[in-house]
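A.B. asks: Pasting in a structure now, in structure tokens, and then I'll have a few things to ask.
The values are calculated or read from the model by the stated rules, or taken from the named source; none is laboratory data. Here the structure is a predicted model, which is why all the values come from computation and not from measurement. We place every Cβ from the backbone using ideal geometry, glycine too, and count neighbours over all the protein chains shown. Quick note on the areas: whole protein, heavy atoms, side chains included, nothing else; ligands and nucleic acids left out. Shrake-Rupley method; radii C 1.70, N 1.55, O 1.52, S 1.80 Å.
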Amino acid sequence: MAVQTMSAPQVKAAPTPVVMTARDTRTIHRITGISIGIAMAALSIGVTLGVFQGMEHAGFDWYWALRPLLIKSYYQGLTLHGVLNALVWTTFFIVGFFTFAVTNSFKRPLKYPWVSWLGLGMMTVGLLIAAYPLLANLATVLYTFYPPLLADWTFYVGLVLVVVGSWVMGYSMYFTFGAWRKEHPGETTPFIAMSSIVTMVMWQIATLGVAAEILFLILPWSFGWIEGTDPLLARTLFWYFGHPLVYFWLLPAYVSWYGMLPAQTNGKMFSEPLARLVFWLFLLFSTPVGFHHQYTDPGIPQGWKYLHMIFTMGVGFPSLLTAFTVVASLEIGGRARGGKGWLGWIPRLNWGSASYTAQNLAMILFIFGGIGGLINASYDLNLLVHNTSWIPGHFHLTVGSATTLTFMGIIYWLLPKVTGRKLLSNKLALAQAWTWFGGMILFSNGYHAMGLYYGAPRRTMLGATPYFDPRWQPFLFESLIGVTLLAISAILFFTVVIGTLMRGKSTVQIEMPVAQPYEPGPTPAWLDRWAPWIWGAVALVVISYGPMLFQLVRDIQLHAPPTNLRFW
Ligand code: HAS
Ligand code: CU
């Protein structure tokens, strides 16, 4: 009888993990350094223009001083302020920060560094292309570029390249993730890498809206191929993207607050599984909420606005979870540093570190930014505050503080890390964080109040309005003090950054702060599985947008003629 032989089942061995060489580290530092460098350059111009806007509102119209610098009008300055701060500073910072965070969290090099270089290259070329119409006053359409405002086509081509380049930077992270997975079968994805990549996936889903808006509606119109446009369809596609955009700004701050900040004050991550859940909830609920920006738009039936309002309350929930869990993580640190009693741990937090302090102050401002957001989201309250200065009050506490001040705090450790130079001065950086905090409180309080009580409009050259209401005056004065503090803060920030860059190389070793879990244990498998969450997100998008988009496309009316804000 023939003997049957059975070979042992072949278990495919996992590839040996690739470790970072000095060369890999240098590449990552270069990519991160260049993208954050571009981000900061954009911010330097963006905030300067903000100071001029604040002054104009308070009665000091000094735009003439900007004319030699190509800024011809308030609205051109406002467009640049929004585009450079809200779109360029954030996006370039985020892709650079995530490239660093993902690779350091995986402790492995980028799988294909050239993909990241390609993405960064596309973003940079896009930015340069968009800079031309912005500076030539050919794209004075504000940062939301609502049709029928029409810019020169180069503005849109530039924006598309920035967005597609950021996708490509994301693909490089996905490839690196895939490689890490193969090398570490069965292991849970490290939190910092996982949360950063979830954010990039959310961004991928969100940006499909603005890509469709530009490619199918605006570009053909700006080329002159079609005569008019459909503002309602354009706005709907824009806000499909516009709300998740604000979470693209917020979630990198959450990556730091959850995954890094506790380690900067001897704390631990209060609940790692909960932190993961928060990011999945953002993936689910970030997009199906855009109609909360269109409550006053005619042509969107109430039912859809109502559904988006419900989902908006849903997306507020992971932030409420964050408020409790992140504070608990910090409390662990405050107590480890000797804090006693109910609140005695707070003064013991690492207030001596500028990087820590900037981020904690950002969190405090976000409490108020977040509450304001929930007020905006409530349909009938929104009718009171929509298009008033309350809204800039809201978003200077969110993107202008929770995001920007956190990013500045991150820069205070990341810049020394990627450049190998010691921070110019922790003290100056501390002063920067506190002046930003104080400045934003005064600025945003003034804007909130003026909009709520006396209906001061947003996006308006207030000093030139024939209906100027003297009751705005005290709030404008308050906000002007805020603007002054913010200007001082910005000068301090750039002094610290430029001073650091001008220093010689130092041997001080800095590592990315990584918070360890308070109760280490296995992560439930469903919190490390991608497909159900991604499909869930797609399903919610289809439910919340599908029927309305179908109807708007079916009834498309390309009649609205172009207009612009080139007032001179
Ligand atoms: Fe918003 C308009 C609703 C969050 C940005 N938002 C805007 C615009 C911008 C913006 C730029 O529903 C203007 C767009 C334009 O140009 O027209 N927003 C919300 C809601 C939230 C929210 C519900 N917004 C953000 C974030 C932004 C941002 C984040 C940028 C980063 N927003 C709206 C609505 C409008 C709107 C309407 C349209 C208004 C209109 O009429 O035009 C929520 O995500 C907020 C949830 C957040 C919380 C706070 C949690 C607090 C935390 C901090 C904890 C820290 C502690 C301190 C406790 C519930 C996590 C610890 C201290 C120690 C000492 C330890
Ligand atoms: Cu929103």
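A.B. asks: Which FRET efficiency value, to the nearest 0.05, is calculated for Thr563 and Lys12 with the Förster distance at 56 angstrom and r the Cβ-Cβ distance?
C.D. replies: Using R0 = 56 Å, I get an efficiency of 0.35.
A.B. asks: At most 11 other Cβ atoms within 10 Å and a DSSP loop assignment: could you name the chymotrypsin sites (Phe, Trp or Tyr not before Pro) in the stretch 187-237 that fit?
C.D. replies: Of the chymotrypsin sites (Phe, Trp or Tyr not before Pro), the ones in loops of the stretch 187-237 whose Cβ has at most 11 other Cβ atoms within 10 Å are Phe223, Trp225.
A.B. asks: Let me know the charge dipole size of the chain about its Cα centre in debye, to the nearest 20, where only the beta-carbon of Lys, Arg (+1) and Asp, Glu (-1) is charged.
C.D. replies: For the chain, the charge dipole is close to 1640 debye.
A.B. asks: Are there any helices in the chain, counted as whole DSSP H runs, that stretch 15 Å or more along their axis by Cα and score at least 1.6 on average by Kyte-Doolittle, and if so which?
C.D. replies: 191-212, 272-285, 473-501
A.B. asks: Check which residues have an amide H placed less than 5 Å from Met269's amide H, if you skip close sequence neighbours.
C.D. replies: Distant-sequence amide H within range of Met269: Gln516, Tyr518.
A.B. asks: Which of the three applies to the stretch 166-322, rounded, prolate or oblate, going by the alpha-carbon gyration tensor with a ≥ b ≥ c and a/c under 1.5 meaning rounded?
C.D. replies: In terms of gyration-tensor shape, oblate.
A.B. asks: Another one. Hey, can you find the accessible area per residue of the stretch 61-105 for me, probe 1.4 Å, expressed in square angstrom?
C.D. replies: The answer is 27 Å² per residue.
A.B. asks: Averaging sequence separations of C-alpha pairs under 8 Å and six or more residues apart, then dividing by the length of the chain, give the relative contact order as a whole percent.
C.D. replies: 19
A.B. asks: Still on this structure: Ranking request for peptides 489-502, 110-123: highest mean number of other beta-carbon atoms within 10 Å first, then the rest in descending order.
C.D. replies: 110-123, 489-502
A.B. asks: Mind checking the full-extension length gain between Leu374 and Val508? Use 0.36 nm per residue of separation minus the Cα-Cα distance, one decimal, nm.
C.D. replies: Length difference between fully extended and current span is 43.8 nm.
A.B. asks: Next question, about the same structure. For Leu149, enumerate residues with amide H under 5 Å from its amide H, sequence gap 5+ or separate chain, H modeled in the peptide plane.
C.D. replies: Thr563
A.B. asks: Let me ask something else. Kindly identify the stretch 468-568 as rounded, prolate or oblate by the Cα gyration tensor criterion: order the square roots of the eigenvalues as a ≥ b ≥ c, call it rounded if a/c is under 1.5, otherwise compare a/b with b/c, prolate if a/b is larger, else oblate.
C.D. replies: Verdict is oblate for the stretch 468-568.
A.B. asks: If you don't mind, there's one more thing I want to ask. For the pair Thr495/Leu69, report the inter-label distance in nm, with labels modelled 7 Å from Cα in the Cβ direction.
C.D. replies: The modelled label-to-label distance comes out at 1.9 nm.
A.B. asks: Oh, and also: Need one number: nm distance between label points at Phe216 and Arg26, each 7 Å from Cα along Cα→Cβ, rounded to one decimal.
C.D. replies: For Phe216 paired with Arg26, the spin-label model returns 4.7 nm.
A.B. asks: Something else about it: Using 0.36 nm per residue of separation minus the Cα-Cα distance, give me the extension gain between Ala464 and Lys340 in nm, one decimal.
C.D. replies: So the extension gain works out to 39.2 nm.
A.B. asks: Go through Lys72/Lys417; Lys107/Lys268; Lys72/Lys422; Lys12/Lys111; Lys268/Lys427; Lys340/Lys417 and tell me which ones have a Cα-Cα distance over 28 Å in this structure.
C.D. replies: Lys72/Lys417; Lys72/Lys422; Lys340/Lys417
A.B. asks: Taking amide H positions as placed 1.01 Å from N in the peptide plane, with prolines and chain starts having none, which residues 5 or more places from Thr388, or on another chain, fall under 5 Å of its amide H?
C.D. replies: Hits under the 5 Å cutoff: Arg458.
A.B. asks: Add -39500 (n - 2.57) for each DSSP H run of 4 or more in the chain, then divide by its residues: what number comes out at 222 nm, to the nearest 500 deg cm²/dmol?
C.D. replies: Here the helix-only value at 222 nm equals -22000 deg cm²/dmol.
A.B. asks: Suppose all protein chains stay in the model; what accessible area per residue would a 1.4 Å probe give for the stretch 330-435, in Å²?
C.D. replies: 37
A.B. asks: For the pair Gln551/Lys182, report the inter-label distance in nm, with labels modelled 7 Å from Cα in the Cβ direction.
C.D. replies: Between Gln551 and Lys182, the label points sit 4.8 nm apart.
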